[in-house]
Amino acid sequence: MGSRKSRRVLLRSSWQDVNIGDVAHSPGLLSALLEVDPDADVTLWPVALGEREEALMRRAVPHVPIVRGELTADGDLTTPELEMAWRSADVLVHGSAADVVNRQAELIHWSRTAGKPHGYAGVTVDPVCPPTWGTLAELQTMVEFLPEGFLDEDGREPLDSAEFIFTRESISLGYLRRQQVQAGSLEFGPDGTFAYDFADRAAIEPFREKMGLGNGDFACFVPRLRYAPYAQMRGEEPTQESMRRDAINVATSQADLRVLVAAIATWVRQAKAPAVVVPEMSYVPDYARDHLLPLLPPDVAPHVKILDRFWSLAEASAVYSVSRAVISMECHSPIIASAHAVPTVYLRQPTETVKGAMYHDLGGSDMLIEVGPGAETVVVETVTSIIDNPQRWSDLSARVNAVARSRLRQMASTILYGPPSTPHEAATVGELVGGTP
């Protein structure tokens, strides 16, 4: 950008620390910003950042300040450090996320009182899921059926007043355009996790030793319930909605896990190497032990290792980097693996939002399998292909990550310098690579 000075950025992100995917959003986007301008003045304002996760931030992006505090219902900022960051920032940015509702009061207050721009960097805006569910194609049909004016006025205000909105997949982008959202710039911008590549390589050998892997090959497998049991994870009283979701989990867990079991069994039998079951979310170690382990065939079970703790993002990134494959029912472990060109597949459950469309948009359609009828057959064929032709899958993983990071640099440039006078060369990366859902 020549000698032009970048704007001071206040990034609202780090939504929770019980999910390494949510942890990765912040250092990923911050890395993209600092790649565009290494001297950028960027401050992180986290929602939830535990001690372990803050230590990771200090290592991955050591020069980025972190401020604590909240905006009260009366419009007061609760800490002096947040007041200072709020006053000094030139732009408030909502980081990558599954929705744009939870922090909208902060963005509205900023827009009304600060007189400075705000924007969204890599978000999903899914108007139907939850509570509806379906394949990506089904959800896209539902979203496209919704009439103009479906977006309510409360949800519209912070979107209309945004200087820029980058959605992380094309279904959200199409929805906002059909709703005539009046943001200054409305484009595709990938999930910030694609730019995360920090890894705690010192953790690799202790992990191998603890899991009994020696120096041999292994693959990682990530299980998931349709709905994360947040009340259980946080020690909270369950709400009526959380009980409804728990009931859905009970009815669907075994069938969904059988798809992952098919992947594990194919790997163990054909690759003749161990399978390691690892968590993206903190509830998974107990869930895998109690629910996945009993489903394993007798000849496969002795070769399956279950990590018995919730690991850190930095350790996960390091372990993924030396694994032969990452097969995940969570969306973000494949993204983390792609930074290391590791063959990877996302097993998308029907209760997930339209965020999975990002794989299609980035030219990685082969990296996504819908969990449902016929999924076990597809996953066996896919894992067999990974074993037989690992270079093809490594190249695909690397290519998807490279396309995402290229687009992230454009998004970072808009954040730092403002929207360009003309839109970026394509409305979505999908248009560049010819991939749409």
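Of everything in region 38-56 that is assigned to a strand (DSSP E or B) and more than 20 Å from the chain's Cα centre (by Cα), the residue that is surrounded by the most Cβ atoms within 10 Å (Cβ to Cβ) is Val42.
Every condition in (1) over 23 Å from Glu315 (Cα atoms); (2) open to solvent by less than 20 Å² (accessible area, probe 1.4 Å); (3) in contact with a strand residue (DSSP E or B) (Cβ under 8 Å, 6 or more places away or on another chain) holds for Val143 except the one numbered (3). For first residues located in region 101-114 and more than 14 Å from Asp76 (Cα to Cα), partners that are open to solvent by 40 Å² or more (accessible area, probe 1.4 Å) and lie 6+ apart or on another chain with Cβ distances below 7 Å form the pairs Ser111/Ser161.
In region 299-314, the residues that are of a type outside the set (Asp, Glu) form Cβ pairs under 8 Å with partners that are part of a helix (DSSP H, G or I) and open to solvent by 30 Å² or more (accessible area, probe 1.4 Å), at six or more places apart or across chains, as follows: Val300/Arg269; Ala301/Leu293; Val304/Leu293; Ile306/Arg289; Ile306/Leu293; Ser312/Arg52; Ala314/Arg59. Which of the residues belonging to region 205-219 are assigned to a helix (DSSP H, G or I) and closer than 30 Å to Asn249 by Cβ? Within region 205-219, Phe207, Lys210, Met211 qualify. Go through the residues of region 274-292 one by one and say whether even a single one is in contact with a helix residue (DSSP H, G or I) (Cβ under 9 Å, 6 or more places away or on another chain), surrounded by 22 or more Cβ atoms within 10 Å (Cβ to Cβ) and of a type in the set (Asp, Glu). Yes, because at least one residue in region 274-292 is in contact with a helix residue (DSSP H, G or I) (Cβ under 9 Å, 6 or more places away or on another chain), surrounded by 22 or more Cβ atoms within 10 Å (Cβ to Cβ) and of a type in the set (Asp, Glu). For first residues located in region 230-251 and closer than 19 Å to Val284 by Cα, partners that are among the aromatic types (Phe, Trp, Tyr) and part of a helix (DSSP H, G or I) and lie 6+ apart or on another chain with Cβ distances below 9 Å form the pairs Glu236/Tyr230; Ser242/Tyr230; Arg245/Tyr230. Can you say whether Thr132 is in contact (Cβ under 8 Å) with a residue 40 or more places away in the chain and either of a type in the set (Ser, Thr, Tyr) or open to solvent by 20 Å² or more (accessible area, probe 1.4 Å) (or both), as far as the supplied structure shows? Taking the combined requirement at face value, the residue does not satisfy it. Restricting attention to region 220-271, which residues are outside any helix (DSSP H, G or I) and over 21 Å from Tyr320 (Cβ atoms)? Once the filter is applied, which keeps residues that are outside any helix (DSSP H, G or I) and over 21 Å from Tyr320 (Cβ atoms), region 220-271 yields Leu225, Arg226, Tyr227, Pro229, Gly235, Glu236, Glu237, Pro238, Thr239. Taking the conditions (1) closer than 29 Å to His118 by Cβ; (2) buried (at least 19 other Cβ atoms within 10 Å of the Cβ); (3) modelled with pLDDT of 95 or more in turn, Tyr417 satisfies each one other than (2). For region 83-100, does any single residue satisfy the condition of being of a type outside the set (A, V, I, L, M, F, W, C), free of Cβ contacts under 8 Å to residues at least 60 places away in the same chain and assigned to a helix (DSSP H, G or I)? Within region 83-100, one or more residues are of a type outside the set (A, V, I, L, M, F, W, C), free of Cβ contacts under 8 Å to residues at least 60 places away in the same chain and assigned to a helix (DSSP H, G or I).
A residue that is touching a Phe, Trp or Tyr at 6+ places or on another chain (Cβ under 8 Å) and open to solvent by 10 Å² or more (accessible area, probe 1.4 Å) occurs somewhere in region 324-332. Annotation: Gly69 fulfils all but one of (1) modelled with pLDDT of 95 or more; (2) on the phi < 0 side of the Ramachandran plot; the unmet one is (2). When we screen Arg52, Arg58 for residues that are free of Cβ contacts under 8 Å to residues at least 12 places away in the same chain, among the basic types (Lys, Arg) and under 25 Å from Ala337 (Cα atoms), the only hit is Arg58. One residue alone among Ser31, Ser13, Ser88 is among the small types (Gly, Ala, Ser) and either open to solvent by 40 Å² or more (accessible area, probe 1.4 Å) or on the phi > 0 side of the Ramachandran plot (or both), and that residue is Ser88.
Looking at Val345, is it farther than 18 Å from Thr141 by Cβ, surrounded by fewer than 19 Cβ atoms within 10 Å (Cβ to Cβ) and in contact with a helix residue (DSSP H, G or I) (Cβ under 6 Å, 6 or more places away or on another chain)? It would help to see each step written out before you state the result.
On the way: farther than 18 Å from Thr141 by Cβ: yes; surrounded by fewer than 19 Cβ atoms within 10 Å (Cβ to Cβ): no; in contact with a helix residue (DSSP H, G or I) (Cβ under 6 Å, 6 or more places away or on another chain): yes.
The answer is no for Val345.
Residues that are in contact with a Pro (Cβ under 8 Å, 6 or more places away or on another chain) and of a type in the set (D, E, K, R) within region 282-305 comprise just one, Lys305.
The values are calculated or read from the model by the stated rules, or taken from the named source; none is laboratory data. This one's a predicted model, so the numbers in the text were calculated from it and none came from an experiment. Here the Cβ is made from the backbone with ideal geometry for all residues, glycine too, and neighbour counts use every protein chain on show. Only protein heavy atoms, including side chains, enter the accessible area calculation; ligands, DNA and RNA are left aside. Shrake-Rupley method; radii C 1.70, N 1.55, O 1.52, S 1.80 Å.
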